[in-house]
Structure formats: structure tokens, C-alpha cells
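Presented below is the structure to which this report refers.
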Amino acid sequence: MNSSLKKFALYSFLLIASIVFFSCGEKSNVLTEDDKNLSYEVLDKVMHEEEQWVKVHAAEYKLQVGDPEGVYETFLEQLDKFGELPPYRIGIWRVLAKSALTKQERQQYIDKILAVFNDPQATDRIHAAETLAKLGVPVSTLAKATTEEILNGEKGSLWVYTLWASMQGEENDNNPLLEALISGIPEEIPRLQAAYALKMEGEISEESWKKLASLALDEPDNSIAKVHLLTAAYYWTGTENQYSAPYKAIEAQILALQHSEKKGDRMALAMAISHKGDWKHQPLLLGMLRNDAPIKNEVNEQDAAANADVMATAAFALLHMEQTTHQLSTFDWVIVLVYMLGMMLIGYIFSKKNKNEKDFLLGGGKMNPVAVGLSLFATLLSSLSYLSYPGEMIKYGPVIFSGVLAFPLIYYIVGWFLIPRFMKLKVTSAYEILEINLGVSIRLLATFLFLSLRFLWMGTIIFITVNTAIISIFGFEDSTSNILWISIILIGVTIIYTTMGGLKAVVFTDVIQSCVLLGGAFLTLVLISIYFGSATSWIPTHWLDHWGEYKWGIDARERLSIGNALLMTVIWYVASSGSDQMSIQRFLATENIQTARKTFAVSLITSFVAQFLLGLVGLAVLAYFLDNPQFLSAGESVATHADILFPKFILVGLPIGISGLVAAGILAAAMSSLSSGLSATSSVISEDLFKRFSRKAKPKKVNQLKRIRILSLFVGIFTLALSLLISRVEGNLYDVVVKVVNLFVSPLFVLFFMALFIPFATARGVLIGGLISIAVAIAVAFFKFMGIEVLFITPASLFSGIVAGVVFSYIDHKFLGNQETMQKRSEKIIDQSK
């Protein structure tokens, strides 16, 4: 067995062992059909047979798990019988508002509840305030005077629920409920209610959690508020505190509630387990569901209503966990494993065909343009786009996708202005062009920008792929150790097939991964179309409210408009194609200008198809979760958690086997981009740094090839370390991508634009233009310079850099007499073209 084959066998063994370790370490979350049917039967029975608030709870549970059958009709009957009976009338209106068939009917019941809330004489104002909060009604707007009057008064039950309701529709840096608890609410019942409300209102910071945990543990054992303080702290424990002493103490006290004779304690326990999605406590919930240890009253008889409430809560907890905590099956794991082994096998095969440095870096210079075009597409798309495009469509609508209308213009600019100039200069690194035209200093600046951009890009790919997709799809615990190990496996497999096979392996695997990526998106559309009964029924017939208003013109202070989308698309594609080593490397890998244009055309066509498909995927997934809100975890909505809905659909919406295939598609997108980044950065470091500053004799070609492979390994390790730091960047997925990944795209292209198109460009003028472009990009991205939106980083930094470069080059050439650089540049271009 030769050395390469031994390495392949060793890497394969390590990969299999790692995946088996992770997959076998997870708990099963399968709820048997009998237990599932029993849960639905219990909810239905309790709703029909029990009275008043127990009936309300069961009906709301049915709605939350996507089983609305009978709810609306049952509560219309309750409305006829008890429609004027306080406080039960509030519960009736709440259920009818949740199950209403139209927006108008829902508003009708909300108006009834608001009327009670505004009535100082109503005996059920507290219930009204609580219900308005649960329905998400913004009382600060709809009942402003009443809300202000109550919040300026005594901190009682009405004050707590009004505070909770006032938070709806508002963005708060700090949680007012938590602040109220920490500052002190004197009475036990309002303190209990504040803790209960806190469980419904999103995550809290680590520092705030420590205060809440301390508050819960310090609460006297005989306090009725203690249970909800404990469960609130349990709900919002972050991964960094899951092994802390306070958390373990809180968990122990919560689990002890299973022996309590109070129904509220047992219900709180069931809801806490459901929220955590902790399947190791499934037997405990099943015991509650079957009423194995019934609650008894003062005369030692079973309390039927209390037990029914607990049984219904346990039924909801089990069904909710089953719907929101899915994991890949064994068959899915096998598909992912086979896929990753296949990628390494391809690297091994192509490693036997690389004879020299040109084979490794440029694939011999005669690669198939269609294959190279698909590779360029896969490189530029990346897992960032695969995950963010559907999320962007879900949250903001189709405005961003109008940028594809500019593709013909992009093809003309790149194909007829950039590609011919690159192909005339037979170079290995794109940045040799800058040295020919402007000298070593500009080439080194470009090298620094490119390496910074690509390291940040690859680090972001690892961070977002692991944290947004892999953790949720593969069902791993969201812990630092798991994130680190998964990141190591992801970058490790990529390093293996990239360092073994070079550009040929990268291009070949990119073609496969492009097909998997597009196939996964298309399959999602097919399955959702089957679910809704047609291929068009999930497409919105109107502009959705949460998308906001769409605009046509160009405005740097607007997040997005049609004009902004077109401008940003043109600039991003032109700048990336005209300055990025990964793009230029693909052009140089073809035989001539015509094949290079064909390569770029293929990449644009596949990009158009991919963006169109992923935009439709966003609409389809949006429709699916609007129709199945029970699959959303507590605190999640289609607007606030748009980025995770596509990964979530892979688990809840796709059949066994197909989930693994699409999960492999996301891995494919990440690995495709990482492999190209490793290859391109290694090439630039070798050509622009090692060869330039090495004073030793020229090494043999075989040693050069070995050096580049070692470089790819170290680049991968550095990228892995960087991915752990990117987690500190603030903002949602799209903001992180724009701030980190696109930061140096325009500054880098400024250098190439000046070198290729400005005859009087000088090194000093271009250097000033490049630095100004960098400064503007950073100022816009992190300081919102002049109110410019973050998505306008590329246009703002490009235009400022070009203007500054042209002005300072003209001054340098015209008034400072810098003639020598232009003359030498012209001579070198002529010599290089011969």
C-alpha cells in the first residue's frame, strides 16, 4: 500500500469514527404512534369534557400543536353559554381570537378584550391584560392612555401583565420584566406573574441570567413565586451556563416538582421540559399523561379537574417536543458519511494526476469551461448564500432578487472589459498583474486585502454553517466543544481533498456539489408543492405586511430598494470577478478568451437559477411554517427567525433519506467555497510572499508542490481559529455576512480598476485611493458613516476609492512629474503580451 493510499485510509477511518461518535451520542426523540395518538386523544377529551379554564388550556394546546379540529366550534358554543361571564369570557374570546377564520373576526374578539382592559370597573381587567400580552396586541399603541396610567401606578398583578403587554411590538435592549424582578416586586403573586411572563419573552444575557438564577434560588421555599422564578431561569439558561452549579441546583429543584400535589407545579415542570426539548425526561411526561400519580384533594380523593389540566399539559409537552426537536435518522447519517468519503476519494484520485505546480494551481490550464463555470458558481454562491437567500426572502421579500436583472450587463462588463485583459497576461497569481502595472507596493497591498478578505470569508462560512445549519439539522447540543469538533471535521475533510487533488479536485467536486445544492432546493419546492396540492398555492398573492414597503430608487440610507439591489449586484459581481484570485484563477484555467467568457456565462446562468430557486424556497418555506406554526419553538416567528427556517424545514418537512441529502447539500456549499478559498489563498501566499521574499535557490517543482500543500493545511488551521472569533461580531446572519465578508471586496477592486483602466495611475495615487476605500468600508460597516446603510458598503467604498485614486494619481502624474511609472508599465504590458 503506497503512502497516499495509507493517508486516505487513515483520514477515512478518522472521519467515520467522528461521525459515529456524534450520531450515537444523541438521545432518541421518537414518540411512538400509540403515545402520540394518546396525547391527541387526551387534549380532545379534556377540551370537550372539562370546564372553563381547563377547557381553555386544552384548546390552546390543540392550536399550538396544529390540531385545531373542534376548537372553534366548541368555543362558539361556550360563547353562547358564558359569553358575559367574567373572567371566563376572556378565555373564550382568547381562544376564538386564536382560532378565528378571518383577520376581521380575530380583531372583533381583540376589541372585546381591549374594552375590558380599558374599563376600570371590570373585575377581569387582569385577565384581559394577560390575554392581550399572549395575543401579541401592542397595548402601548392601541390603549396608550390606559397603559400609561397603569404603569405609573402600583406594582400589582395588573401592572405586571400590562408591562408584559406593552412589550409587544416593541424592541427593548433590556427586558423590562427582568428589570422589574431584579429591582423588586414586593408581593408574591405579582412576582410569580412576572416570572411566568418572563418565560414567554425571549432569551436574556448571561449576566442577566446569573441575576435571575440567584433571585430564584434565594426565593423562600414557601413562596408561591419560587416555581416560576426557577422555571424562568431554567428556560433561558445559555449553553455557557448549562454545567454551572446554579443551573444544576435549579434543575434538581424543578425535577422535584413531579412529586408535588399542586397542579401548577406539575404543569410548570412539563412546560419546562418541553421548552428544553430534553427527551431523557420523556418517561416523566408519559407518567403525567397517563395519570400514574394522580393529584388528590383534601379528602384524599382524585382531583379530576387538576389531573385533567396536568394530563393535557403533558400531552402538549410531548407533542411540542416531537414537533420541534427533530434529528437525522441513521439512514440520513449514512448518506452524509458516504458523501464526505466520496469527496476525499476524489482528492486522492486527482492527487495521482498532479505532476507539477501548474497542474495543482491551474489544472494544467486546459480545463473544461463548463466544469470551471460550475465551479466558479459554487465558489461564489457558498453556504452563506444557500442559507441567507431563503432567509432574506422570508424576512424582507423579493426585492434583493431583482438584482438578477443586471446579469446581462455584468456579463458584458466582465466578458469584454476584464477577461481579455487577464488572459493577455499569462500569470499564476492575479496580483502579478498589479506588480506589472503599478509595482511591488500595490501588489503587496492587494495581497493583504485578498488574504484578509478570504480568511474572513472562510471563517464566516465555517461559523455560520456550523452554528446556523449543522447544529440545528444534526441535532447536536449547542455547546462550545461540539461547535469546535464539528468545525474541525468540516475544515479537515476540505483540507484533505484540496491538498491532495489541487484545482482539478476542487473543480470536479464543485460540479458535484453544485448539482447536490440545486437538487436540494428543487426537491424542497417539489415536496412543499405536494403538501399544498399545487406548485402555485404557496406563492403569496399580495405583499406581506412584515416585508415592509418596497421602493424603486437608489438611496444609500435605505436598507434595500430595487435600485439599490441592481447597483449592489453589478458592483459585487464585477468587483469579485475583477479582483478575486478565486475568480481570476478560474479564467486562467481555461484555454482562451472565448472559453473564459463561456466559463463566466455558465457561472452567471447557474447563479441565476440558484438565486431563483432559493428565492422560491424562501417563499415555499415561509408558507409551510405559516401553515404549521407548531413546528416553531417558543419565542420563534417567521419574521424574527427567518434564517433558521430552511434548516428547520430540512428536519420537519423532508422524509428520511432526503433530509440527509439536503444536509449534504449545505455541507457541499460550505466545502466547495472552503476548498476554493484554500486553493486560492495558498496560491497567493506561495507566489506573492514565499517566492518573492525567499532568498534561497529556486526549489525543485516537486518541492514547490509540497510547499503549497503544506500551505493549504496551515491556511485551514488559521481559518478554523478565526471562525471562533467571528462569533463575536454583532448582528443577524445577513449583517454578519455583509460586514465581514464584503468588507474588502470594493477596496481590492479599486486597485485592479486603476491598474487596468487608468493610463496615468501611479503607485502613490492608487495606494491613497485603496486606503480611503478601506476606511470608508470600515466606517460604513461598523459606524454607519453618514447614515449609510450597511448593505451599501460596496458602492460607497468603490466610488470613494476610485475618485480618490484618480484624483491623487492625476496630481502625482501631472504636478509631481511622475512619468517613469507609466512608461515602465506600458513597456511591461507590451513585453508580457508577446
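The values are calculated or read from the model by the stated rules, or taken from the named source; none is laboratory data. All of these numbers come straight from a predicted model, not from anything done at the bench. Glycine gets a Cβ as well: all are built from the backbone with ideal geometry, and neighbour counts include every protein chain shown. The area values use the complete protein model at the heavy-atom level, side chains included, leaving out ligands, DNA and RNA. Shrake-Rupley method; radii C 1.70, N 1.55, O 1.52, S 1.80 Å.
Between Asn628 and Val440, what FRET efficiency follows from the Cβ-Cβ distance if R0 is 56 Å, with the result rounded to 0.05? List each step's numbers first, then the result.
Details: r = 60 Å, r/R0 = 1.07.
Efficiency for this residue pair is about 0.40.
Could you calculate the contour length gain from Glu261 to Asp34, that is, 0.36 nm times the residue separation minus the distance between their Cα atoms, to one decimal place in nm? Can you show the working numbers first?
Numbers: separation 227, 0.36 × 227 = 81.72 nm, distance 2.77 nm.
Gain in length upon complete extension: 79.0 nm.
State in Å² the accessible area per residue of segment 193-336; use a 1.4 Å probe, count heavy atoms of protein chains only, and round to the nearest integer. Don't jump to the answer; show the numbers that get you there.
On the way: 6030 Å² over 144 residues.
Per-residue value: 42 Å².
Rounded, prolate or oblate for segment 210-326? Axes are the square roots of the Cα gyration tensor eigenvalues, ordered a ≥ b ≥ c, and the cut-off for rounded is a/c under 1.5.
Details: a/c = 2.52, a/b = 1.29, b/c = 1.95.
Oblate, since a/c reaches 1.5 and b/c is not below a/b.
Non-local amide H neighbours of Asn175 (under 5 Å, H modeled in plane, Pro and chain starts lacking H): which ones?
none
Please check which bits of segment 110-150 a label hung off Thr102 would reach, taking the label as a point 7 Å along Cα-to-C-beta and the cut-off as backbone N under 18 Å.
It comes to 110-112, nothing else.
Zone of Gln594 (label point 7 Å along Cα→Cβ, backbone N under 17 Å): which residues in segment 394-418?
Counting backbone N atoms under 17 Å from the label point, the list is 415-416.
Which of the three applies to segment 54-213, rounded, prolate or oblate, going by the alpha-carbon gyration tensor with a ≥ b ≥ c and a/c under 1.5 meaning rounded? Before the final figure, lay out each step's value.
Numbers: a/c = 1.96, a/b = 1.53, b/c = 1.28.
Prolate.
Describe numerically, in nm with one decimal, the distance between label points set 7 Å from Cα along Cα→Cβ at Trp485 and at Ile710.
Modelled inter-label distance: 3.2 nm.
Tell me, in nm to one decimal, what length is gained between Glu188 and Phe612 on full extension, where the rule is 0.36 nm per residue of separation less the Cα-Cα distance? Walk me through the numbers on the way to the answer.
On the way: separation 424, 0.36 × 424 = 152.64 nm, distance 5.57 nm.
So the chain would gain 147.1 nm between Glu188 and Phe612.
For segment 557-645, which whole percent of the accessible surface, found with a 1.4 angstrom probe, sits on carbon and sulfur atoms? Walk me through the numbers on the way to the answer.
Numbers: 1700 of 2650 Å².
Looking at segment 557-645 in its full context, I get 64 percent from C and S.
Determine the gain in length on full extension of the stretch Ile605-Ser223; use 0.36 nm per residue of separation and subtract their C-alpha separation, reporting nm with one decimal. It would help to have the intermediate numbers written out before the result.
Values: separation 382, 0.36 × 382 = 137.52 nm, distance 6.60 nm.
Computed gain between Ile605 and Ser223 is 130.9 nm.
Evaluate E = 1/(1 + (r/R0)^6) for Leu409 and Phe532, where r is the Cβ-Cβ distance and R0 equals 25 Å; express this FRET efficiency to the nearest 0.05.
Numbers: r = 36 Å, r/R0 = 1.45.
So the FRET efficiency works out to roughly 0.10.
If a/c stays under 1.5 just call it rounded; otherwise compare a/b with b/c (prolate if a/b is bigger, oblate if not). Do that for segment 53-134, with a ≥ b ≥ c from the square roots of the Cα gyration tensor eigenvalues.
Details: a/c = 1.72, a/b = 1.57, b/c = 1.10.
The shape class here is prolate.
What is the calculated FRET efficiency for Glu179 to Lys814, with r their C-beta to C-beta distance and R₀ = 60 Å, to the nearest 0.05?
Details: r = 63 Å, r/R0 = 1.05.
For R0 = 60 Å, the calculated efficiency reads 0.45.
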